[in-house]
Every structure is written in C-alpha cells, then in structure tokens.
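Written below as structure tokens is the structure these notes are about.
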Amino acid sequence: MRIAHLSVTRTLLTVVVGGCIGGQGSGLVGISGGNGGNGNNSPPVLGFFVQPNSANAAQIISPPAEVVARDSLGSTDSTFSGSITISLASNSTGASLSGTTVQRAVRGIASFGDLSIDKVGTYTLQASASGSAAVTSNRFTITTVTGP
C-alpha cells in the first residue's frame, strides 16, 4: 500500500515540475488557441508578448511587437519554431503594413522589428500561426511627424 502511494506521488510531482519549466515574462494580452509544436500535440496559445506602440506614419514601430506561443499550462512553448504571420486587423484608412510580416518563432517567440504603417489612424495587429486561431493586439495610434 505504501509503495503504491509513493509511486502516485512521484508521478504527480513529475507532471507538475514538467509543466512549470520554461515559464517566463509577462504582458500576455489577447490569447487564442493555435496549432502547436509543444511535443504533446496540443495547440499553443498565441499572445502579444510585447504590444505595438504608437509611432509616426511610415516610421518603424518601436519596440518591436513580439508574439509568444504558450503551451496548455501557460508556459512559453520554447519548442515552437513555426512561422507566425502578422497583419493589420483593423484598417479603416486603407493603410499598408510594411516590413517583414512572417517570422519564424525562436524558442517560442517571434519578433517583428521592422513594421511600419503608412497612414495616420488607430490600428490593431493580428497574429496567427498555421492552423491556429488569430490573436489581436491592443489598439495603437499612427500619427504624423511633427516639427520641434
């Protein structure tokens, strides 16, 4: 009886410890299921790890927007290396999103460091991975360049 109890306890500890390794960061806003690379065939959950900031028209959005893939336990899925695509989710002005809009995740995070939008307005970005549901960023504003 006692040996069976120890075996069950050991198994539970292994599951709990295995699920906690790799968690990091904060700022996960807007989450959605997707198609995974987390080794257990469950889809990752995408989220904006770094939200897009306001910028001037045609200038690079800084810091870079980052999208993270998380496993079913909420940890960063560091095994996910799939491509993540980013696009304009709201675009009432007919603006164009320029830059590299498809990035391969590195250790579960895709960074979009050269994005810009050519027209003044308020926008959101949408990110998705193959087979996943899209996730939408917070709203941000593109303004005109103002002089000193």
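FYI, it's all coordinate maths here, none of it is from the lab. Worth saying up front: this structure is predicted, and the values here are computed from it rather than measured. Note that each Cβ is placed from the backbone with ideal geometry, even for glycine, and that neighbours are counted across all protein chains shown.
The figures follow:
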read-out	value
Net lengthening on full extension, T100/T136 (0.36 nm per residue, minus Cα-Cα)	11.2 nm
Separation in nanometres of the label points that stand 7 Å from Cα toward Cβ, at S62 and S81	3.1
